[in-house]
Amino acid sequence: MSIEAVLVIPAFLLFLALIAAIGRAASVQEDIHAATVAACRIASQQTTSAAAQLAAENAITTNLGRQGITCDQLDVTIDTTALNQLPGQPGNITVSVGCTIPLSDLSVPGLPGQVTLTDQFSSAIDPYTHR
């Protein structure tokens, strides 16, 4: 019986740690998506590229901070070229977010020390808003 326990218990604990890593990544991915959507929608309501950049970056950091997510590396790309068009022309604002989260605290052999999660969202701008 004790030999079986010596073989089964470490495998079971490794399995539980792997499930925790997958769960953490899935949870953070959902939070990154929510932050990306909020940032994109806020940016699409702005009238200048500079205001859209600032509003989107603030929305991302606020939403991720509210969820308790700290990224080892946070990459935010905001395409605001549509705001530079003349009024009456349709366009989209696109926000891309990359967040590198640590997994090294789970101590799972074969699991990378960190993983980068990415998300992208586009939102249409109002073509008749004063720009």
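What follows draws every value from the coordinates through simple rules; no lab data is involved. As the structure is a computational prediction, the values presented were derived from the model and not from experiment. Glycine also receives a Cβ, built like all others from the backbone with ideal geometry; neighbour counts cover every protein chain displayed.
Please list log₁₀ I(q)/I(0) at q = 0.14 Å⁻¹ for the chain, using the Debye equation with identical point scatterers on the alpha-carbon positions.
Each listed q corresponds, in turn, to -0.67.
Under 8 Å for C-alpha pairs, at least 6 residues apart: give me the relative contact order for segment 1-69, rounded to a whole percent.
Values: 33 pairs, mean separation 19.6, N = 69.
Relative contact order, segment 1-69: 28 percent.
Measuring from label point to label point, each 7 Å out along Cα→Cβ, what is the Q29 to I3 span in nm?
Rounded to a tenth, the inter-label distance reads 4.1 nm.
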